[in-house]
Amino acid sequence: MEPTLEQLEDYNGNESKEKRLTVYIVILSGLLIGAIYGLIASNTTVSDEIVTSTQTGIVKF
């Protein structure tokens with residue numbers, strides 16, 4: 001038989017400080033890992049552009 005909501009110890013704002021702290025730690029660590037990943041991903045882009053400075057002999061007037 002499943003417990004009713006009133007039988008749960010952390011229903012209706014009665015959660016413990018330890019559980020609340022655990023939730024905050026999990027959320028903040030996820031945001032921190034996402035921010036670090038975003039910084040690394042944005043700073044390690046590879047440019048596929050090939051830059052050559054050879055002269056072809058064609059002159060544009």
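Where a number appears in this text, it was derived from the coordinates with a stated rule and is not lab data. The model shown is predicted, which means the values in this text are computed figures rather than measured ones. All Cβ positions, even for glycine, are placed from backbone atoms using ideal geometry, and neighbour counts span all protein chains on display.
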If each residue's Cβ is checked for other Cβ atoms within 10 Å, how do LYS60, LYS17 rank with the fewest at the top?
-> LYS60, LYS17
Arranged by the count of other C-beta atoms within 10 angstrom, fewest first, what order do VAL26, VAL59 take?
-> VAL59, VAL26
Note down the magnitude of the dipole of the chain about its Cα centre, charges +1 on Lys and Arg C-beta and -1 on Asp and Glu C-beta and zero elsewhere, to the nearest 20 debye.
-> 520 debye
Of the listed values [x] 1.15; [y] 0.97; [z] 1.61, grab the one calculated as Rg/Rh (Cα atoms, Kirkwood Rh) from the structure here.
-> [z]
Using the alpha-carbon atoms, what tilt in degrees (0 to 90, nearest 10) does helix 17-43 show relative to the longest principal axis of the chain?
-> 10 degrees
For the chain, what is the calculated [θ] at 222 nm in deg cm²/dmol (nearest 500), taking -39500 (n - 2.57) for each run of four or more DSSP H residues and dividing by its residue count?
-> -16000 deg cm²/dmol
